[in-house]
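Values in this text are rule-based calculations from the coordinates and carry no lab data. Predicted, not measured: the structure shown is a model, and the values here were computed from it. Because the Cβ atoms are built from the backbone with ideal geometry, glycine has one as well, and the counts that use them run over all protein chains shown.
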Amino acid sequence: MAVKPIRTNRRLLSPLPSSEGKGAGLTAVGGRSSNNFIKAISAIVWKDLRAEVRSFELVSAMLVFSLLVILIFNFALELDIKTRQSVTAGVLWATFAFAGTLGLNRSMAIEKDRGCLDGLLLAPVDRSAIYFGKAISNLAFMLIVEAIVLPVYSILYNINLFQPGLLMVILLGSIGYSAVGTLLSAMSVQTRTRDILLPILLLPVVLPLIIAAVQASNTILAGDDFNSIKHWLNTLIAYDVILTAVAFILFDYILED
Amino acid sequence: MISVKKLVKRFGLKTVLRSVDFEVRPGEFVALLGPNGAGKTTFLRILASLSRPSLGEVTIAGYRLPHEAAQVRSTLGVVSHLPLLYGDLSAEENLRFYARMYGITNYRLRITEILEMVGLETRRRDLVRTFSRGMQQRLAIGRAVLHDPDVMLFDEPYTGLDQDASSMLDDVLKAVAAQGRTVVMTSHDLARAEDLATRFDVLSRGVIAASATSRQLKKSNLLTFYKQALAG
Amino acid sequence: MQQNKPLALRILDGISILLIGITTYLALFVAPTEVTMGAVQRVFYIHVSTAWVGMLGFIAAVIPSIIYLRTKDMKWDRIEVAAVEISSVFFFLAIVLGSIWARPAWNAWWKWEARLTTAAIAELLYFAYFMLRAGIDHPERRANFGAVYALIASVSIPITFMSIRWVDRTLHPVVFGVSKATSEIEMAMTFDMVKILLFAIFAFSIVFIDLFWNRIRLGDLQDKVEQLKLKVTS
C-alpha cells in the first residue's frame, strides 16, 4: 500500500474560531452549557445506533437469545391454549429481563475494551451526559428487540399482543430496566468478573418492575378494565422516576479513579 | 503551562507516586522516561484528569485539577496506547462524534484538514476496524488534535507499530509539536524520544529522579543519563 | 486505636450474652403456650428479633454509604460493610426460624408471602453486594461501588416489598385470617407474650450494637494489619 506522505511543510490546521472547540468548553462554565449537554447526549446515542446498524451485534444477539428463551419456555411449560394465556406476560418479561443483560453487557464492553470510555471521560461535558446517552441507546436497543419479539410471539401463540395498555407497560418497564442497567453495567464492566456479574446485580434490583409489569400485563391480556392496573402503572412510573434519579446522581461516583 | 507540586497518588495502601514535582513551560516537548511500573501511565492519567491525585497540586493552563477538571479537558488532547476509536464507525464518523462531544460546530472542514494532516483522507469512509494499528494510531492523534488543544499527552504512542508506521507517527508528532503545543510523552523507546523531545525527565520510584534539556545532554549521553537516573 | 478490646466493649459482650440467655429462657419457659400452635410458637420471639436486627443492619448500611461517598473516608466503608454483613446473617436466621415456625402452621417450609420473600431477595442483594466487592482489586473503587450498590439496593427493596404485598392482597384469598402481627397466621397474643416479645426485641438490639461495634473494630484491625504488612515488605 503506497504510504501517502504527510504534508508537514504547509501551515497545518488553521486555528479554530474562538467559539469552537476549546473555546466552547471554556465559555460554558465547566462545559455545562445545556446546549453542549444535549449535543453530547445525542452524539452518544447517534454513535451507538450508527455502530449497531453496521454490526448488528447487540440486536441480533438479544433477538436470537429471546427467541431461544421463548422456545425453551414452550417446551418447558407444555401448556394447553387456555393456560398459555395466563403465562404469556411472565414468559415475555422473563425473556426481556434475561436478553436485556446481553445488550447492556455488550454496550458497555465496547466502550471499555478500546479505551473509548476514557475517550468519553476526556470530553468537556458533564459525566451525566454519558449516563443519559448510554441509557437512551440501551433503551432503544431493548425496544427494537421487543418490537420484533412481540409480533413473533403473537403469531406463534395466536394472541394479540398489540394492545395500547400492554405497549405502555412494556415501555415503562424497559425505561426503568435501562436506567438501572446502564449504571450497573458500567460498574460490572470495571470488575474482574464482568459479564457474569451483571445479571446477579441487576435482576434482584429490577424485581419491582417485573412484578408490576407482569401483573399489569396479565390484567390487560385478560381483558380487564384499565382501573385495575392503575396501581401497577403507578408503581412502574414511581420506580422509573426514583431509580433514574438515584442512578443519575450516583453515576459520577463509579467513574472515578 | 503544566505545574505539578508534591503530587502523591496512592491506590489503597500502595503508593505509586511519592512526591512528584513537575513543571512544563508552554511549547516544551517533554519525554517522560522510566522503567515499567514506575508510574508513568498513572501520572499521565492524573494530568489527563482521568484520575484524581491523593495529595498535591496539579495545574494545567491555569486551571486546577480536580476542581476545574472540565475546563482543563477542553485544552487537553490525549493519545494512549489504546486507540479510543470505535471500530464500527468510519474514520470520518469517529471524528465527527468527537467533534460533537467537544462542542465544535463547523466540523466538516476541520475533519478534512485533520484527515489530510494524518494522511488518511483517502480512507475517510472506511471503518476503523479495517485499519492497521499504525493507521489507527494516526487517526487517534487526529482525534486528539481536533479541538486544537494547547496541551498534548501521549502515553507510549509507538507501542505495537512497525517501522513504517513509526516513521509516519514521527512526522505527525513533529508536525503537532511544531504548532506550538506543549507535549508530554511517555516512552520506552529512548531513540525515538531523543529525536523528538526538547527535554527529558526520568520517573523512578515514584519521584522525578532527573531532568535535563536536550541542549544539556549531548546526543550519545541520553542512555547514560537515563541509567544514572535510575541507579541514583 | 487500642490493640486490646476496650473495657466498654468487653462489658457489652457480657451483657449481650446475658441478654440472649435471658431471652431464650423467657421464650422457652416463661412464655405461656400459645393456644393454636403450641410449643413451636416459641420460636416466634427469636424469629421476630432476628428479623428486627436484620432491618436495623439494613438501615445502618444506608447512612455510611452516603457519608462515604461524600467524604471518601474509608472508615465509613468499613462501617457499611459491617452493617451489611450483620444484616445478611440475621436475615438468614430470621428466614430459617420463620420456616421452622411456619411448618406446622402452614404445612409447608416456605410460602411466597411478602415478608419472607423480601427477606430472601435481600439475601440475594447482599450476595450480589459481596460478589461485586470481591471482583474489584482497587480499594477505592471497591468502596465506591459498594456504596453505590448499597444505595440502589436499598431504594429498590422497599418498592419490592410493597409490590409483593399488594399482589398478596389482591390475588390470594385470605386463608387463615389476617392479623397485623402475623400475616396470614392466626395467633392469639396475650399481654404477657407481648411483654416478652418487646424484651426480646430490646435484647437483640443490644446484641446488634455489640456485634456492630465488634465487626467495625475487626475491620479497623484488618486495615491496620495491611498497613503494617506494607511497611514491613517495602
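When both segment A:37-114 and segment A:214-257 are represented by their alpha-carbon centers, they are found 18 Å apart. Here the Debye sum runs over all C-alpha atoms of segment A:32-254 as equal scatterers in vacuum, and log10 of I(q)/I(0) at q = 0.11, 0.12 Å⁻¹ comes out as -0.55, -0.65.
Candidates C:Leu211, B:Leu13, B:Leu55 compared by Cα position along the dipole of the protein assembly as shown: farthest toward the positive end lies B:Leu55, with charges placed on Cβ. Placing one equal scatterer on every Cα of chain B and applying the Debye formula, the log10 ratio I(q)/I(0) at q = 0.14, 0.15, 0.18 Å⁻¹ is -0.89, -1.02, -1.37. Restricting the calculation to alpha carbons of chain C gives Rg and Dmax of 20.2, 68 angstrom. With θ taken as phi - 60° and the Karplus curve 6.51 cos²θ - 1.76 cosθ + 1.60 applied, the whole-hertz 3J(HN,Hα) list for segment A:205-215 is 6, 8, 3, x, 4, 5, 4, 4, 5, 5, 4 Hz, x standing for glycine and proline.
Think of the protein assembly as shown as having a plus end and a minus end, set by charges on the Cβ of Lys, Arg, Asp and Glu; of B:Gly77, C:Phe130, C:Trp112, B:Gly77 sits farthest toward the positive end of this dipole. Across segment B:131-136, rounded Karplus estimates of 3J(HN,Hα) from the backbone phi angles (6.51 cos²θ - 1.76 cosθ + 1.60, θ = phi - 60°) give 7, 6, 4, x, 5, 4 Hz, Gly and Pro being marked x.
Pairing the Cα long axis of helix B:107-117 with the longest principal axis of chain B, what angle in degrees results, from 0 to 90 and rounded to the nearest 10? With rounding to tens, the tilt is 70 degrees. Applying a threshold of 28 Å to the alpha-carbon distances of B:Lys14/C:Lys75; B:Lys40/C:Lys231; A:Lys112/C:Lys224; B:Lys227/C:Lys229; A:Lys47/A:Lys230 flags A:Lys112/C:Lys224; B:Lys227/C:Lys229; A:Lys47/A:Lys230 as lying beyond it. Only helices enter the 222 nm calculation for chain C: every DSSP H run of n ≥ 4 contributes -39,500 (n - 2.57), and dividing by all residues gives -27500 deg cm²/dmol, rounded to 500. Within chain C, the longest run free of chymotrypsin sites (Phe, Trp or Tyr not before Pro) that sit in a DSSP loop with at most 13 other Cβ atoms within 10 Å is C:113-234.
Using the Cβ-Cβ distance between C:Thr190 and B:Ser132 with R0 = 51 Å, the FRET efficiency computed as 1/(1 + (r/R0)^6) comes to roughly 0.05. Identify the residues of segment A:48-65 with backbone N under 20 Å of a label point that sits 7 angstrom from the Cα of A:Phe98 along the Cα-to-Cβ direction, or state none. Under cut-off, by backbone N: A:58-65.
The amide H of B:Thr105, built 1.01 Å from its N in the peptide plane, has A:Gly21 as neighbours under 5 Å, considering only residues 5 or more places off or on other chains. Taking the Cα centre of chain A as origin and assigning +1 to Lys and Arg Cβ atoms and -1 to Asp and Glu Cβ atoms, the resulting dipole is close to 1160 debye. Summing +1 for each Lys or Arg and -1 for each Asp or Glu among the other residues whose beta-carbon sits under 14 angstrom from that of C:Ile100 gives +3. Restricting attention to the protein assembly as shown, close to 55% of DSSP beta bridges with both partner residues there are antiparallel. Of the residues B:Thr213, B:Thr198, the one with the fewest other Cβ atoms within 10 Å heads the list, and the complete ranking is B:Thr213, B:Thr198. Dipole magnitude for chain C: about 420 debye, using +1 per Lys or Arg Cβ and -1 per Asp or Glu Cβ, origin at the Cα centre.
In terms of Cα atoms, the Rg and Dmax of segment A:34-135 work out to 18.3, 58 Å.
Rg/Rh, computed from the Cα trace of segment A:63-189 with Rh as the Kirkwood radius, has the value 1.06.
Residues whose amide H comes within less than 5 Å of that of B:Arg199, counting only those at least five positions distant or on another chain, are B:Phe29, B:Ala31, B:Ser214 (H built at 1.01 Å from N in the peptide plane).
Projecting the Cα atoms of A:Leu117, A:Asn234, A:Ser60 onto the charge dipole of chain A (Cβ charges, centred on the Cα centre) puts A:Leu117 farthest toward the positive pole.
Karplus-derived 3J(HN,Hα) values for segment A:106-117, using 6.51 cos²θ - 1.76 cosθ + 1.60 with θ = phi - 60°, are 5, 4, 6, 4, 4, 5, 6, 5, 9, x, 5, 4 Hz; glycine and proline are entered as x. Expressed in Å, the radius of gyration and Dmax of the Cα atoms of the protein assembly as shown are 30.5, 99. Summing Cβ point charges (Lys, Arg +1; Asp, Glu -1) relative to the Cα centre of chain B gives a dipole of roughly 760 debye. Under a no-solvent Debye model with one identical scatterer per Cα of segment B:109-232, what's log10 I(q)/I(0) at q = 0.11, 0.12, 0.22 Å⁻¹? So the normalised log intensities are -0.44, -0.51, -1.30. Peptide A:225-238 is shielded by partner chain Cβ atoms: per residue, an average of 1 of them sit within 10 Å of its Cβ.
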